[in-house]
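Right, one structure below, let's go through it.
The values are calculated or read from the model by the stated rules, or taken from the named source; none is laboratory data. Everything quoted here is computed from the prediction, not taken from an experiment. Glycine also receives a Cβ, built like all others from the backbone with ideal geometry; neighbour counts cover every protein chain displayed.
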Amino acid sequence: MEDLQKLLLHDHGLSVSTLPEKGRCLFTTREYSPGEIILSQEPYVSVPNKTPVKSRCDWCFTSSNVKRCSSCQVVWYCGSKCQTSDWKVHRLECQLLAKLEKNRIKSLTPSIRLMVKLYLRRKLQNEKVIPTSVTDNYNLVKDLVSHISEVEEMQLVLYAQMASLVNIILQWSTLNIKEIAENFSKLACNAHTICDSELIPLGTGLYPIVSIINHSCSPNSVLVFEGRIATVRAMQTIPKGSEVLISYIETAGSTMTRQKALKDQYFFICSCPRCIKLGEHDDIEESAILEGYRCKNHTCNGFLLRDIESKGFKCQKCGVVREKEEIVKIASEEKTMSNKASVALSSCHNKEALDMYLMVEKLQVKLCHSFSINLMRTRETLLKILMELQDWKKALTYCRLTIPVYERVYPKFHPLRGLQYYTCGKLEWLLGYTDEAIKSLTQAVDVLRITHGTNTSFMKDLIAKLEEAKAEASYKLSSMDD
Ligand SMILES: [Zn+2]
Ligand SMILES: [Zn+2]
Ligand SMILES: [Zn+2]
Ligand SMILES: [Zn+2]
């Protein structure tokens, strides 16, 4: 830890402190400006998601041109470069996998593989086959919290079963099932979902230094991935001596929803500036807007609260009451339809799913406030389905409908906000709305250059698209002059 402190201080302007109520925290020892990289780390171990359709390279997570490892037939690589980089660990893993029965291979989950790789890498570092460094050693993994004493009985049983499977695969006489189970608990609250630039999940990785960073529902930093490398960037100016904070969860929900998510997965009660307002007037209003009902009076945008006298829900702006029975009826229709729609979508019946989600949307418009999170999610789903069906015009309509809600629930430099502007801009460009496309792509660049940097191929593509749109606009203008 001492060496890590020195390195963080010297190379990054960071320092690790331990606070009694929060555990380890990462602080800045200098100012960071928006978009600046705070730290980057390779995973201690990582593994791609298991998907029936798309196999991914075990090292860099790409899905293009991947080939199966000829010995184990389980793991995929995009080429010899990635295979070589992974070889020391995979050489051992490969022998173990090749020995496994077919049925066991089928039941091999990413978590099991991640744990096997964790033990293999620890062994190889102990034997000095893989070198260790200040930022790459098992002690960093050892220091991570597991919250094992707070894990529910059912979950513990599951961890024990997973641990015995790891034991069967590794077949080391020295292994301790209890320790493996505890490590599963550690992965559950410390491993990060590795996403591509568009925040589509690709796999899971353990980044022990990134794990030191604590959570806030209004964070000053953002974690993004470039291939397997995790990068934390400042989203705003971070003064010297501040704690670096990222968000572990979707921050768009109400305080109650966010706190439940944090308690369930990470075992703590958040006391960020948004969370300490729980139960205050503004917070109640916000919850009622995000997750509550709309006013019966269609021209009113007031929020509704439970009314004891009428046993219904009363608009806090115009005073009109919506009866409980009416709300319950629509809510139950909406729930039934949502379930059906999600079944249709997951079985890839896009046309059916589209009709069903349109009905869900109709019901939610009747039921929810116009800034409702559920309505926003439904419209996001409609946008995705319409893109799949290549109905660009309708897709753009839905993309535009989500923008005001995004602007309300996400801070200015949130990657999701930038990505939504990007989708809007791409659709406008495709439909020939050059001026609108320039506006949306400019908004996308403004956000994403902070959250994603400017060096990735993703950002280069975006910037090139914007240049292209600008060139076309000025061409149109000059040909009008002629
Ligand atoms: Zn690769
Ligand atoms: Zn292999
Ligand atoms: Zn919070
Ligand atoms: Zn009203």
Please determine, by comparing only the residues of segment 69-86 that are surrounded by 15 or more Cβ atoms within 10 Å (Cβ to Cβ) and over 26 Å from the mean Cα position of the chain (by Cα), which one is nearest to ligand 4 (Cβ to nearest atom). V74
Of all helices (runs of 4 or more DSSP H) fully inside segment 328-432, the set with 2 or more residues that are under 30 Å from I246 (Cα atoms) and modelled with pLDDT of 95 or more is 373-388, 392-409, 415-430
Has segment 124-132 got at least one residue that is in contact (Cβ under 8 Å) with a residue 24 or more places away in the chain and assigned to a helix (DSSP H, G or I)? yes
Restricted to segment 246-270, and to residues that are part of a helix (DSSP H, G or I) and in contact with a strand residue (DSSP E or B) (Cβ under 8 Å, 6 or more places away or on another chain), which residue is nearest to K186 (Cα to Cα)? Y266
Could you check segment 279-320 and list, in sequence order, the residues that are surrounded by 17 or more Cβ atoms within 10 Å (Cβ to Cβ), of a type outside the set (A, V, I, L, M, F, W, C) and free of Cβ contacts under 8 Å to residues at least 24 places away in the same chain? G302, G312, K314
Kindly provide the set of residues from segment 191-233 that are part of a strand (DSSP E or B) and within 16 Å of ligand 1 (Cβ to nearest atom), ordered by number. I194, L202, G203, G205, F225, E226, I229
Scanning segment 49-75 residue by residue, those within 14 Å of ligand 1 (Cβ to nearest atom), more than 13 Å from D86 (Cα to Cα) and not β-branched (V, I, T) turn out to be K54, S55, R56, S63, S64, N65, K67, R68
Can you pull out the residues in segment 440-459 that are out of contact with any Ser or Thr (no Cβ under 8 Å at 6 or more places or on another chain) and either touching a residue at least 24 places away in the same chain (Cβ under 8 Å) or closer than 14 Å to L419 by Cα (or both)? S440, L441, T442, Q443, A444, V445, D446, V447, L448, R449, I450, T451
S70 versus (1) assigned to a helix (DSSP H, G or I); (2) within 13 Å of ligand 2 (Cβ to nearest atom); (3) more than 24 Å from I212 (Cα to Cα): which is the lone unmet condition? (1)
The correct count of residues that are crowded, with 19+ Cβ neighbours inside 10 Å and touching a Lys or Arg at 6+ places or on another chain (Cβ under 7 Å) in segment 225-250 is 0
Taking E198, is it within 16 Å of ligand 3 (Cβ to nearest atom), acidic (D, E) and not assigned by TED's automatic domain parsing to the domain that holds S55? no
Counted residues, segment 359-384 - those being of a type in the set (A, V, I, L, M) and over 18 Å from E334 (Cβ atoms): 1
